[in-house]
Structure formats: structure tokens, C-alpha cells
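Working notes for the structure below.
The values are calculated or read from the model by the stated rules, or taken from the named source; none is laboratory data. Remember, it's a predicted structure, so these values are computed and weren't measured experimentally. Glycine gets a Cβ as well: all are built from the backbone with ideal geometry, and neighbour counts include every protein chain shown. Surface areas here come from the heavy atoms of the whole protein model, side chains and all, with no ligands, DNA or RNA. Shrake-Rupley method; radii C 1.70, N 1.55, O 1.52, S 1.80 Å.
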Amino acid sequence: MDYLRIQGPTKLQGSVVISGAKNAALPLITLTLLAHNKVTLTNVPEVADIKTLLKLLRNLGATSSLENHVLHLDTSTVNHTMANYDIVKTMRASILVLGPLLARFGHCEVSLPGGCAIGQRPIDLHLKALEQMGAQITIHAGYVHALAPEGLKGAHIIFDKITVTGTANIVMAAALAHGKTILVNCAKEPEVVQLCEILRDSGIDITGIGTSELSIIGTGGKTIDMVDFEIIPDRIEAGTYLCAGAITNSSITLEHVRPDHLDAVTGKLEQMGCTFDITDTTITIHPAPQLKHIDIITQEYPAFPTDMQAQFLALATLANGTSIIEERLFENRFMHVSELQRLGADIKLNGHTAAVMGGTPLFGADVMATDLRASSALVLAAMAAEGTTNVHRIYHLDRGYENLEQKLQALGAKIERLKE
Ligand code: EPZ
């Protein structure tokens, strides 16, 4: 297995181009299952999760080619509907094929995704909503068996909790349903907004885009003529690089970003003492001479994103005073804490809240990545720590960060990928 060797402390300089958003690309790739035409997606991040989902679609009979961030997809040749365990277990977002497959074929068998390091990750809200649309759902031998032989019916669905992929799955199912679907308490993440915009641009009557209530008039089972499109920039990758500038006390520029998707993140960095120059597509961060402590509660968009919690916890280890970070979305999203403590961080965990006593110096050590965003937090801390840090099990990183070490090397970081 690969690991990253990082020398710290390091300064960064220059600019970095942000890739397309993994969490926008995933549902947009499964959306092509509703299309009868070939579709071209651009600005597609070439990361492991995308390649895994494309492998799943090819297993169903689709054809795909991904080169230089351009993806050509044709799902007109899809000829079966089983998403099997050996792929789904490696990438739980594969559950995003459930809604489209059921809507298009009237049946499908999708392996239960199972949990992951950060939590149990149930899909009960996805299944309840599909049942409200007339689907018969049974769970047998680790698979969801979904049936809707007459097609799905529009329904009035209120999500008990805000769910990003749950909203995406049901939006896609509703697009081909018979009649009107009203969705209440929807996720408003930019990745969900882009999915709705592409559906609208592909001829689906969808209103309320960007709000927590969506209304969708389905085609009654007819597939769509899907438009080509460019994936939005990855706001979490962008937030991670902003934290890289802040944690190394460096001014760097991010290119090809959507600053309006990062308000909660730049707002917290401003409270910590950073300043910014912002244009429509770039953000330049100017670091705080001395970072101030910060209080964070993770919530659904547009509030502070849970996917930035680990990175800010790493940053808070350098701030003066005590930062309080509360994780409200996932039950086990503090796996990075024990690894940061190995670097010398002074952190106290109490249930879903971490108290970070900033100001104790960090020293390089061997640490282990446990999940995607925790891994990036360890890389950030390693760039601030005195000495050499080896970050192991970085296959977690490769799932969602494109060319991380090359991008950081180009900014001046002393980082290299080695073999165990
Ligand atoms: C998406 O996961 C993202 N993944 C996650 O990013 C992100 O952390 C999460 O949204 C929250 O923003 C993708 O978009 C591929 P949820 P998702 O359904 O959709 C509970 C990353 O780092 N819930 O919004 O699986 C659930 O347990 C990944 O890129 C139910 O109870 O998250 C959680 O507490 C990690 N029942 C909360 O809702 C359900 O049926 C939010 O989960 C569904 C969810």
C-alpha cells in the first residue's frame, strides 16, 4: 500500500486548480441511466470513487470512456439491474443507482451499502420514499429488491431527516414517475442543485430548485434526452486547500472555484483571522498571523459542512485558545482525533463534541488515515508539524482528492508518495 511522507513545517505559494466535485459527479453519472442518448460530462474528477461507479455502470451494460476529465457515457445498452455487493461495498454512494434503475426498468436489486468508518449510514429514508411512490421493497440476503412493474407514482414525501443522496435518489425516481411528486425537507447542497438543474435543462418540469421543497412532474416512464454539462467545482477540495494555506501561514490562490458555495467555510476562516481576495472563479487566502480559536457545529448546507470538520479540527490545533467542534451529522466522525493526538495535538473528546486546546506544537509521526476527510486533515497537520510524518492507508484519500500530492508539491510542500 502507498503512504505519503511529508516534511514540516512548510510554507506554500502559488495557485492550485480545483477539480470537479466528486459528490456532484456521482449522482450525475447515475442520472444518465434515465437518458436514451449518449451524454458527455466535462470537468469530471478522475478519483477512485468515480472509477468505481463507472465500473458498476459498465457491469450493468453501459459503455463509458473517461479521459482528461471528459466522460462519455451511453446507458442505452444497460441490460440488467443488479448492483452487486463486491462493488457497492467499496463505494456506498453506489446506492445512487437505486432510484434511476427502478424508475427506468421497474425493478432492480441493489446491495445494501453497509456502514463505513464515519457511521452506520442507513438508507431507510430512500426506501420509505420509494415505497410512498408505489414501489415494493424487500430486503433479502443483503440486497434491496425493489419492484414497481407499473412504474412509480408521484407522491407527497416529507423526509424525516435531510439526506443528500436520499434527495438525489428520489429526485431521479420522480423524474420518470407518473404524475407529480412534492419533496419536502430536501437537501440544498450545490451538488443536489446541479442535479436538479440538469434535469430541468433536459426537459423535466422541476420547480423549487435550491430550496428545501421540490416539485417534479414525471415523464410517466419515458426516458429523457439528457444535456451535456460541466461538473461544478469541488467545494470540499477547495475548502481543504484554503485550510492548507491557513495551517501553513501561506497566501495561496485557488482557481476554478465557486466562492458562493464556500460562504460557511470562508466565514469561519475569517473569524479565525484570515482574509480573502475573491473573484467569480478564484479565492486567494491571506493567513492570520496568529489563528484565533473557533466554535463549529456541522449542519446541512448552507451551514458549516460536516465534510470540512476534520480539516478545521486540524487547523484548530494551531489556534490560540480552545476551539469547540460539534459533529451533528455522523455518529463516528472523529477518527482523526487520535491520529492528531499522535502528532501532539491536545484534544478532548466528549461524545459528539471535541475541545481542541490550540497552541501546543505538533511533531511529525506515523499516522493512519481512516476515512476520506480525516486523511486530508492528517496531511494538513503534517505540513505544520515539526519533522517527518508518514500518513498510511492513503487509499482513503485517493477516493476523493485528485492528484493531491502533485497539487501540494506544485505549491511547495515537501510531500512524496512511497510504497510500504
Ligand atoms: C453525502 O452522504 C455525502 N456523500 C457525504 O460526503 C456527506 O458527508 C453527507 O452527504 C452529508 O453532507 C455523497 O454525496 C456521495 P446523508 P449521504 O444521507 O448522502 C442520516 C464525503 O466525504 N440518514 O445526507 O450518505 C445519516 O445517517 C462524503 O465526500 C438516515 O438516517 O449523507 C446522517 O446522519 C462522506 N437515513 C444524515 O442522515 C437515510 O436514509 C445525513 O446523511 C439517509 C441518511
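Please go through the range 291-314 and pick out each residue that is among the aromatic types (Phe, Trp, Tyr), assigned to a loop (DSSP other than H, G, I, E, B) and open to solvent by less than 40 Å² (accessible area, probe 1.4 Å). Scanning the range 291-314 gives a single hit, Phe304. Regarding the range 390-402, can at least one residue be identified that is more than 21 Å from the chain's Cα centre (by Cα), touching a residue at least 12 places away in the same chain (Cβ under 8 Å) and open to solvent by 30 Å² or more (accessible area, probe 1.4 Å)? So far as the range 390-402 goes, yes, one or more of its residues are more than 21 Å from the chain's Cα centre (by Cα), touching a residue at least 12 places away in the same chain (Cβ under 8 Å) and open to solvent by 30 Å² or more (accessible area, probe 1.4 Å). Of the candidates Gly400, Gly412, the single residue that is within 16 Å of the ligand (Cβ to nearest atom) and assigned to a loop (DSSP other than H, G, I, E, B) is Gly400.
I need the full set of residues from the range 247-264 which are out of contact with any helix residue (DSSP H, G or I) (no Cβ under 6 Å at 6 or more places or on another chain) and either open to solvent by 30 Å² or more (accessible area, probe 1.4 Å) or part of a helix (DSSP H, G or I) (or both), in order please.
Correct list: Asn249, Ser251, Thr253, Glu255, His256, Arg258, Pro259, Asp260, Asp263, Ala264.
Selection of the range 265-290 for residues being open to solvent by less than 10 Å² (accessible area, probe 1.4 Å) and among the aliphatic types (A, V, I, L, M) yields Val265, Leu269, Met272, Ile283, Ile285, Ala288. There is no residue in the range 315-324 that is small (Gly, Ala, Ser), within 16 Å of the ligand (Cβ to nearest atom) and open to solvent by less than 10 Å² (accessible area, probe 1.4 Å). Would you confirm, using the coordinates I've provided, whether Leu214 is surrounded by 21 or more Cβ atoms within 10 Å (Cβ to Cβ), touching a strand residue (DSSP E or B) at 6+ places or on another chain (Cβ under 8 Å) and either closer than 23 Å to Ser94 by Cα or of a type outside the set (Ser, Thr, Tyr) (or both)? Answer is yes for this residue. Listed by position, the helices (runs of 4 or more DSSP H) enclosed by the range 73-147 that each have at least 3 residues that are within 13 Å of the ligand (Cβ to nearest atom) and crowded, with 20+ Cβ neighbours inside 10 Å are 124-132. Note on the range 72-92: among residues that are charged (D, E, K, R) and over 18 Å from the mean Cα position of the chain (by Cα), the one that is modelled with the highest pLDDT is Asp74. Does Phe312 count as over 23 Å from Gly387 (Cα atoms) and within 16 Å of the ligand (Cβ to nearest atom)? Taking the combined requirement at face value, the residue does not satisfy it.
For the range 217-246, the set of residues classified as of a type in the set (Gly, Ala, Ser), open to solvent by less than 10 Å² (accessible area, probe 1.4 Å) and over 19 Å from the mean Cα position of the chain (by Cα) consists of Gly245, Ala246, listed by residue number. Quick one: in the range 16-71, of everything that is acidic (Asp, Glu) and within 21 Å of the chain's Cα centre (by Cα), which residue is modelled with the highest pLDDT? Among them, the one singled out is Glu46. Condition test on Ala355, is it within 19 Å of Cys243 (Cβ to Cβ) and either at pLDDT below 95 or among the hydrophobic types (A, V, I, L, M, F, W, C) (or both)? Criteria not met by Ala355.
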